[in-house]
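Before any comments, here is the structure.
The values are calculated or read from the model by the stated rules, or taken from the named source; none is laboratory data. All values derive from a computational prediction rather than experimental measurement. Backbone-built Cβ (ideal geometry, glycine too); neighbour counts: all protein chains shown.
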Amino acid sequence: MSIATQSLPAAMPADWRDFLALTKPRVMTLVVFTGLCGLLVAPVHLPPVLAFAAILCIALGAGAAAALNMWYEADIDAKMKRTAGRPLPAGRMDRASALHFGVGLSFFSVLLMGVATNWVAAGILAVSILFYVFVYTIWLKRRTPQNIVIGGAAGAFPPVIGWAAATGDVTLLPILLFALIFLWTPPHFWALSLFVRTDYANAGVPMLPVVAGAKATRLQILLYTLPMAAAAVAPWALHLTGAIYGIAATGLSAVFLLLALRVFANPATEPKEMGPEKKLFAFSILYLFAIFGALVADRWLAA
Amino acid sequence: MTPQEQDEVRRRQRSRSIVLAVLLLAFVVLVYAISIAKMGLYG
């Protein structure tokens, strides 16, 4: 089956809104937020204009990676209800336009980051884009059910980039923040993939519930939650943050662990009975926002 | 290409040009602001 069945005439230029859609603006909110938090907790304070430019570059880099991901995955996206309406599978844009847009935006974001802040931050931004596109999207996503773990590593870069934009280096705290998002992503995404499993099965992506079953997925969720909670509490335990962060991280992680245990105990196979999974997914988003918010609050109230 | 399609092509070209102009202008302003901020840092 061709994915371009509803294609417009060849000379029809894509609407600019479809280029915006290629950047997955909704995913970007978390990227911008964690990047901003990394920048704000750094011991060096950038002038507001340069801080804004740094966050803009992180957002543009994430958008570029998303566009290249959609360029490569148009065939998968066409087979899933959630993604079939994206510009490429819906035939509203040709693949070459998406590729050029993604590559152009990648170079633009990295070069602007280097000019506005420093080349350490620009280098990490470049690595994160290349990692997401080549290691995750092209190499591993279709080959291993641990694909989400790899994708999580790509999503964990923003606080490190934000920190590096301010200081020009990378120390233990940004590395712990990287570890936190890296370990948070599998439980977050596998909770979702449990109740939207049918879609991934149709597209042939080896999502964990598809290849290993719901029971194994629930165990994996629990197994990743434990080191995630450890990474969340570690900055406080290592005296890199104050008590405000410590209390928030401990409390939030305890709730996360409790919800993960309830998911683990749930034997349901039908999405209708997957209340605990839906709760864990919803809470996981709140968790990340709250924990990074607490980190910034801790740093500001201590200063 | 039908006249309707040709109108649609024009409409899209126009809106893309406007968006690009706005983005270019924003870029110019941003580079100016970055330059001023950097001169403040090291100047």
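A compact table of results
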| quantity | calculated |
| --- | --- |
| Filter result (under 18 Å from the mean Cα position of the chain (by Cα), surrounded by 12 or more Cβ atoms within 10 Å (Cβ to Cβ) and either more than 7 Å from chain A (Cβ to nearest Cβ) or modelled with pLDDT under 95 (or both)) within the range B:20-41 | B:F27, B:V31 |
| Condition broken by B:V9, with the remaining ones in (1) more than 7 Å from chain A (Cβ to nearest Cβ); (2) among the aliphatic types (A, V, I, L, M); (3) more than 18 Å from the chain's Cα centre (by Cα) satisfied | (1) |
| Qualifying residue in the range A:95-105 (condition: closer than 23 Å to B:Q13 by Cβ, outside any helix (DSSP H, G or I) and out of contact with any helix residue (DSSP H, G or I) (no Cβ under 6 Å at 6 or more places or on another chain)) | no |
| Unmet requirement for A:V170, which otherwise passes all of (1) assigned to a helix (DSSP H, G or I); (2) modelled with pLDDT of 95 or more | (1) |
| Check on B:R16, part of a helix (DSSP H, G or I) and in contact with a Phe, Trp or Tyr (Cβ under 7 Å, 6 or more places away or on another chain) | yes |
| Selected residue [modelled with pLDDT under 95, assigned to a helix (DSSP H, G or I) and either within 14 Å of chain B (Cβ to nearest Cβ) or under 26 Å from A:F289 (Cα atoms) (or both)] from A:A126, A:A153 | A:A153 |
| Selection count where residues are in contact (Cβ under 8 Å) with a residue 12 or more places away in the chain, part of a helix (DSSP H, G or I) and within 14 Å of chain B (Cβ to nearest Cβ), scope the range A:45-88 | 10 |
| Number of the exception - A:F108 against (1) without any contact (Cβ under 8 Å) to a residue 40 or more places away in the chain; (2) surrounded by fewer than 21 Cβ atoms within 10 Å (Cβ to Cβ) | (1) |
